[in-house]
Amino acid sequence: MGFFTISPELYRQYKDQILELANSFQRDVNEHLPPGERKRGLSDREIAERLGLEERVVTEIRCVAERDYYSLDEWEKAIQFKKQACREYVETKIIRFLKKEE
Amino acid sequence: MAAETRRSETEAAEAKARIKELALKRGALVCGVAGVKSFDAVAPEGHRPGDLLPGARSVVVVGGAPPRAGDWISPIPEHQETMGTSQRIEPIGRQIAYHIEEELGYYALFVPGGVSRGNQPFLSLMLAAELAGLGSRSLAGPILHAKYGMLYYAAVVTTLPLDPDPPLETPVCPAPSCLEMWEREGTTPCIKVCPASAGGCLDGRIENGRFVRTQYDRNRCHTRVYTNWVGGFQKSLEAVLDEPDKEKRKMILHGSFFTKSLWSITYSGQCQAQCFECIRVCPVGQEYRTKK
């Protein structure tokens, strides 16, 4: 392979830890939380130091894991979710009130 | 010495006023300045202004170009997918960079709106907007401006010394009506529409009028905001490669999902958002986007 990739074994070993430490699942990132509670995800460099890996390896595992985490089904669910949520909003919050004003 | 300091302070104040005037004249709705040191406590090394531009002193942030009021009330979500984009605010950022370099003689680096690797930005534009006092982070994710709600942002890192604007003391989110809803129903509009507990992206609680224990699933949000974008293309291409039947491969390759993904990613060079449902129901900015 002509460009940098990681082995599937290495990927499987670290993907969950890396996603957990990065920005994938953001918990308490908001700035107006009670003092001392604001957190942030780690950079690839920080994760690499913590796990004893090379930064580039962490970057590569993170990139693959970000795509790999949800199956293609989640993309189809996304389409259905948006159609339903948008329609509900327009029907309950907009059309009803526009009709009242007529 | 004191006279020299005063003169440089006056020049910096004039430069800042001129930059803000230029930004608004070019179509931005808001403009603010963040000091580079304010990033240190929140952004990791490698994602701070000085990592992008050696000697950086200030970050100018412009916001604007939200979807129009009509876009927000269209029952067809696909319409807003093409209207929700950072491409209209980015030229204003580039014009400010040009102004700082050509008129004021300082280095100015327009922060690319894209990502460096995977989902990591070069510099968080949301953090830049927050630190420049333009809004505060919402439970839903985006920075909310008190009047306009969600905006698109662009940032310029510069060696020009400017007096930073202070971050907001009081958060824009949760809005008063969300506090009332929380008391009544134990949820907020954004959590209700996209709850992490039921296959969505968001969670959190309100205590003493503030959010606590906030949660945001960026990977799931990515499937919604960028359904027909690079991630969707990669996933569907993988499905094509895994499909041994030629006729079935054709159904995927020529089907609506793959075709739309190609339309989206080849219209590249911009950030094309495709999900607005948490912000559609958000009361912040509702007044601005309510028309007759």
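Observations
- Against the test of being outside the structural domain of B:Gly113 (by TED's automatic domain parsing), touching a residue at least 60 places away in the same chain (Cβ under 8 Å) and polar (S, T, N, Q), the options B:Ser197, B:Ser177 yield a single qualifying residue, B:Ser177.
- Filter result for B:Leu139 (in a loop (DSSP other than H, G, I, E, B) and within 14 Å of another protein chain (Cβ to nearest Cβ)): yes
- Condition broken by B:Glu238, with the remaining ones in (1) within 10 Å of chain A (Cβ to nearest Cβ); (2) touching a helix residue (DSSP H, G or I) at 6+ places or on another chain (Cβ under 6 Å); (3) assigned to a helix (DSSP H, G or I) satisfied: (2)
- If you go through the stretch B:207-221 and keep only what is more than 7 Å from chain A (Cβ to nearest Cβ) and either in contact with a Gly (Cβ under 9 Å, 6 or more places away or on another chain) or modelled with pLDDT of 95 or more (or both), you end up with just B:Cys221.
- Scanning the stretch A:53-71 for residues that are outside any helix (DSSP H, G or I) and under 11 Å from the mean Cα position of the chain (by Cα) yields A:Tyr69, A:Tyr70.
- Counting only strands (runs of 3 or more DSSP E) that sit wholly inside the stretch B:58-121, those with at least 3 residues that are within 30 Å of B:Glu14 (Cβ to Cβ) are B:58-64, B:108-110.
- Residue in the stretch B:152-165 that is of a type in the set (Asp, Glu) and outside the structural domain of B:Ala12 (by TED's automatic domain parsing) present: yes
- Scanning the stretch B:110-124 for residues that are out of contact with any helix residue (DSSP H, G or I) (no Cβ under 6 Å at 6 or more places or on another chain) and among the polar types (S, T, N, Q) yields B:Ser116, B:Gln120, B:Ser124.
- Consider the stretch B:241-264 and keep the residues that are among the charged types (D, E, K, R) and assigned to a helix (DSSP H, G or I). The one that is nearest to A:Gln26 (Cα to Cα) is B:Lys260.
The values are calculated or read from the model by the stated rules, or taken from the named source; none is laboratory data. Remember, predicted model here, so these are calculated numbers, not experimental data. In this analysis, Cβ positions are derived from the backbone assuming ideal geometry, glycine residues included, and neighbour counts consider all displayed protein chains.
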